[in-house]
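The values are calculated or read from the model by the stated rules, or taken from the named source; none is laboratory data. Bear in mind the structure is a predicted one, so any value in this text is a computation, not a measurement. Cβ coordinates were reconstructed from backbone atoms using ideal geometry, including for glycine residues, and neighbour counts include every protein chain displayed. Please note that ligands, DNA and RNA were not included when accessible areas were found on the heavy atoms of the full protein model with its side chains. Shrake-Rupley method; radii C 1.70, N 1.55, O 1.52, S 1.80 Å.
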Amino acid sequence: MKKEDIQLPENAFRELKEGEKYEPIMSPDKQYSEVNGWSVTWGILMAILFSAAAAYLGLKVGQVFEAAIPIAIIAVGVSTAAKRKQALGENVIIQSIGACSGAVVAGAIFTLPAIYILQAKYPEISASFINIFFSSLLGGVLGILFLIPFRKYFVSDMHGKYPFPEATATTQVLVSGEKGGSQAKPLLFAGIIGGLYDFVVATFGWWNENVTTRMIGWGETVADQAKLVFKVNTGAAVLGLGYIIGLRYAFIICLGSLAVWWIIVPGMALLFPHDVLNMWDPSITTAVGDMTPEAIFKSYGKSIGIGGIAMAGIIGIVKSWGIIKSAVSLAGKEMKGGSSASRDQLRTQRDISFKIIAIGSVITLIITFIFFWFGVMDNLLFAVVGILLVAVIAFLFTTVAANAIAIVGTNPVSGMTLMTLILASVVMVAVGLRGPGGMLAALIMGGVVCTALAVAGAFITDLKIGYWLGTTPKKQETWKFLGTLVSAATVGGVMILLNKTYDFASGELAAPQANAMAAVIEPLMSGVGAPWPLYGIGAVIALVLTYFKIPALAFALGMFIPLELNIPLLVGGAVNWYVTSRSKDATVNSERGEKGTLIASGFIAGGALMGVISALLRFIGFNPINETWLANPLSQFVSLIAYIALILYFIHATKVKKAGE
């Protein structure tokens, strides 16, 4: 195939018709260069580099950037520079190994720094490199093993039903890099514009990254008195994400967000104006009526979101029960040698055999059990209870994590981990483990589950990319373990280094998720309850939504993720609807939509890559941001003007004069 002819098939992003098959770029009947010294070496380098960068950024601001896109850009760059021929398969392996970094980092930094934070108060709690390394490694390995049986369902059976925003953007980067020429130009140009746009905000603070109704006088009054506020993040990357998600899912996510911010937050201030609701969090000392809308959301609204995510997850597990059962029964058949189909399978459908997955899962769980018994709890009963909890929660929530990534490209892993910690704490207290020892045990258990879910969620992205392009799933699955090992070792070292440099307990690094975990776990292990009423409200909302056939997980994600990150998804979704429906010619609309996907992918890729560079500049002490200017409402007006200009550029750039042009 000539380079200029390389492109994704017309049915890559839509549902397949009856009897229709998807034919990837790399033919299933041919062999391609995928795993070799070049791809493995670059994959390991990317895993080390991005683990370090993601750990710092995640602890600083609480956001772990997804590494898949920037790694894909670098993979394309180095293969082009080295003039490698047919590098598409190699680039997928580089991306797959390297992308372990973001997932393992998310799993580690959301929970394990809480050990250091609590250590300042309870010196008997100890956090060693071995603890961090093993909880990250074992969690990552479990995440990979538990996800593989569901690969076919998510990437093939549900083809076209899920938007897979991050996988879409990464695939477009890899295809454009392989193709060069016309398809690469809009992606590259949008990447430069989106990257520079986000870079000047993150690095120099030329304008505010958020626009809120507080920038005008009456907006401040409404926020203080009625607890009503409107916010939108004006970043290019989030706008691109919204375009790829599309209007339907973006609308449902925003409905969840607005339900919390415009109904529940002001409603709580009206119902409890003079009450200090701190039964489950003694650190709350302010009456609800005196809190800002943001404080009400953080203290109460988020917990409702967590309850919604947990119930949506349970509903998802019930709905996926057929898939879970068929995956397990298929594994059972192969264990008995009853399935010979795998020998006759096409290259693009081959997975690691279920026999190896089953044996690997059992061995990993045994090693985790030994780690819990001798390395963390020093008690057989506690270790048995701990491993049962971890195995069941990690396995069942794997499908929920993959589902969330497939819908919005965002894994609600911190919400699911918070539920795991609460459940683990309640159960461990019931069997007699409490106090500082219980806090350490619950956090290590949470670290294993959190990493398993983060890795499973990120891995479904890799496998979808491979499905679209036609790589061998078995090779991706096999080499993912190496990436997890390298990332776990890197994140353990980086976390110890950052604690020694900044001291997590000092607050110099925000580590918001870890602080939230520490705040939740300490009262539970000290005999104070969890916010069960709030979780219950979220759970009831999820049940009602499911009854009315509204996707509960998308709605609950909206309740949990901050408002300013959800509104731009709706804006991006609206742009998608506009550019794909304004012509009477369906072919023109389709071409505009495809061009828009390239531009959105460029925005996401450019924003993600520049986010890494901005974090590294901040790390070496370069920070010219003027906080006084950002506190000035004018900075938000400038942000709004820049955002409108960006949207207009996006719409203009999707123009095609006539079909086929």
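Given the criterion at pLDDT below 85 and surrounded by fewer than 22 Cβ atoms within 10 Å (Cβ to Cβ), identify the matching residue among 176, 126. Step through it out loud before you land on a result.
Numbers: 176 fails: surrounded by fewer than 22 Cβ atoms within 10 Å (Cβ to Cβ).
Matching residue, one of 176, 126: 126.
Is one or more of the residues making up segment 142-160 closer than 14 Å to residue 371 by Cα, modelled with pLDDT of 90 or more, part of a helix (DSSP H, G or I) and under 21 Å from the mean Cα position of the chain (by Cα)?
No: segment 142-160 contains no residue that is closer than 14 Å to residue 371 by Cα, modelled with pLDDT of 90 or more, part of a helix (DSSP H, G or I) and under 21 Å from the mean Cα position of the chain (by Cα).
Would you please list the contacts, defined by Cβ atoms under 7 Å and residues six or more apart or on different chains, that run from a residue in segment 268-286 that is in contact (Cβ under 8 Å) with a residue 40 or more places away in the chain to a residue that is outside any helix (DSSP H, G or I)?
Pairs found: 269/227; 279/529; 280/528; 280/529; 280/530; 280/531; 282/528.
For segment 418-464, how many residues meet the condition of being in contact with an Asp or Glu (Cβ under 7 Å, 6 or more places away or on another chain), over 30 Å from residue 162 (Cβ atoms) and open to solvent by less than 10 Å² (accessible area, probe 1.4 Å)?
Residues that pass the stated criteria total 1.
Does segment 240-257 contain at least one residue that is free of Cβ contacts under 8 Å to residues at least 12 places away in the same chain and either touching an Asp or Glu at 6+ places or on another chain (Cβ under 8 Å) or surrounded by fewer than 24 Cβ atoms within 10 Å (Cβ to Cβ) (or both)?
no
Taking the condition closer than 27 Å to residue 302 by Cβ and open to solvent by less than 10 Å² (accessible area, probe 1.4 Å), does residue 471 pass?
Values: closer than 27 Å to residue 302 by Cβ: no; open to solvent by less than 10 Å² (accessible area, probe 1.4 Å): yes.
Considered against the rule, which asks whether it is closer than 27 Å to residue 302 by Cβ and open to solvent by less than 10 Å² (accessible area, probe 1.4 Å), residue 471 comes out as no.
Surrounded by 17 or more Cβ atoms within 10 Å (Cβ to Cβ) and in a helix (DSSP H, G or I), is that true of residue 590?
Working: surrounded by 17 or more Cβ atoms within 10 Å (Cβ to Cβ): no; in a helix (DSSP H, G or I): yes.
Taking the combined requirement at face value, the residue does not satisfy it.
Quick one: what pairs do we get from segment 542-558, first residue within 15 Å of residue 304 (Cβ to Cβ), second open to solvent by 10 Å² or more (accessible area, probe 1.4 Å) and charged (D, E, K, R), C-beta under 6 Å, 6+ apart or different chains?
Between residues of segment 542-558 that are within 15 Å of residue 304 (Cβ to Cβ) and residues that are open to solvent by 10 Å² or more (accessible area, probe 1.4 Å) and charged (D, E, K, R), there is no close pair.
Which one is farthest from the chain's Cα centre (by Cα), of the residues in segment 273-299 that are closer than 19 Å to residue 530 by Cβ and assigned to a helix (DSSP H, G or I)?
In this case the residue turns out to be 288.
Here is a check on your reading of the model: is residue 308 within 25 Å of residue 420 (Cβ to Cβ), part of a helix (DSSP H, G or I) and either polar (S, T, N, Q) or in contact with a Gly (Cβ under 6 Å, 6 or more places away or on another chain) (or both)?
Yes, satisfied.
Conditions (1) within 18 Å of residue 298 (Cα to Cα); (2) buried (at least 22 other Cβ atoms within 10 Å of the Cβ); (3) of a type outside the set (A, V, I, L, M), marked per residue:
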| site | (1), (2), (3) |
| --- | --- |
| 495 | no, yes, no |
| 500 | no, no, yes |
| 505 | no, no, no |
| 532 | yes, no, yes |
| 543 | no, no, no |
